[in-house]
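Heads up: the structure comes next, in structure tokens.
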Amino acid sequence: MWNQISSEFNLLSINMHKIRFIIGIFLVLSACKQIENTKTEEQKIIETDIAFSDMSLEKGMNIAFANYAATDGVILRDNSNPIIGRDSIIKLFSEPDSLFKLSWHPDLVVVAKSADLGYTYGKWNLEINNNDTIHYSNGYYVSIWKKDENNNWKYVLDVGTSGLGQ
């Protein structure tokens, strides 16, 4: 009788090891899928940030900032109060901007494990054409991105600073 109980206990122990092994494999595969999703979303945010900059050059920064803003987006700039909400951003950027050329490029992107929130930072360049004189300015930016209801990346916070100056 004890042999039968011992045999059943050994069989149960072997099955528990198999279950642990299967759970371990599942966890490793889940983590790999999560890393893959994060890397995919990092690339999508980089592409979105670059497309945002390209639109700024092609159609003007006003149109670009309005287009890529989340409905609850916020912009922070030097010597300015926060601009809160897409409607306020559109209103702020309603003046003609044909004298300005703003571009930027992300240096780093980070995406949350949940793959629905991330940020980029990099350097921006501004060219101002004023009466046949061109002025240049540059600095750094941080954009925090989240997915909207259509699964598109929109900025919820954009911060630009004058950086180190000329």
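The values are calculated or read from the model by the stated rules, or taken from the named source; none is laboratory data. All of these numbers come straight from a predicted model, not from anything done at the bench. Methodologically, a virtual Cβ is constructed for each residue, glycine included, from the backbone with ideal geometry; neighbour enumeration extends over all protein chains shown.
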| request: Residues being touching a Gly at 6+ places or on another chain (Cβ under 8 Å), closer than 18 Å to Ile63 by Cβ and among the hydroxyl-bearing types (Ser, Thr, Tyr): count how many of those fall in the range 142-166. | output: 1
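Restricting to the range 113-151, count the residues that are touching a residue at least 12 places away in the same chain (Cβ under 8 Å), under 26 Å from Glu41 (Cβ atoms) and not aromatic (Phe, Trp, Tyr). Let's see the steps before the verdict.
Of the residues in the range 113-151, the ones touching a residue at least 12 places away in the same chain (Cβ under 8 Å) are 113, 115-130, 136-148.
When the remaining residues are screened for being under 26 Å from Glu41 (Cβ atoms), the result is 113, 115-124, 140-148.
From the residues that got through so far, the ones that are not aromatic (Phe, Trp, Tyr) too are 113, 115-118, 120, 122-123, 142-144, 146-148.
Of the residues in the range 113-151, 14 are touching a residue at least 12 places away in the same chain (Cβ under 8 Å), under 26 Å from Glu41 (Cβ atoms) and not aromatic (Phe, Trp, Tyr).
Which ones in the range 39-65 are among the small types (Gly, Ala, Ser) and part of a helix (DSSP H, G or I)? Spell out the reasoning first.
To start, the set of residues in the range 39-65 that are among the small types (Gly, Ala, Ser) comprises 51, 53, 56, 60, 64.
Result: Ala51, Ser53, Ser56, Ala64.
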| said: Which condition from (1) in contact with a strand residue (DSSP E or B) (Cβ under 8 Å, 6 or more places away or on another chain); (2) among the hydroxyl-bearing types (Ser, Thr, Tyr); (3) more than 14 Å from Tyr68 (Cα to Cα) is the one that Ser143 breaks? | reply: (3)
| field | Any hit, the range 30-53, residues being closer than 17 Å to Gly160 by Cβ, modelled with pLDDT under 90 and aliphatic (A, V, I, L, M) | value | no
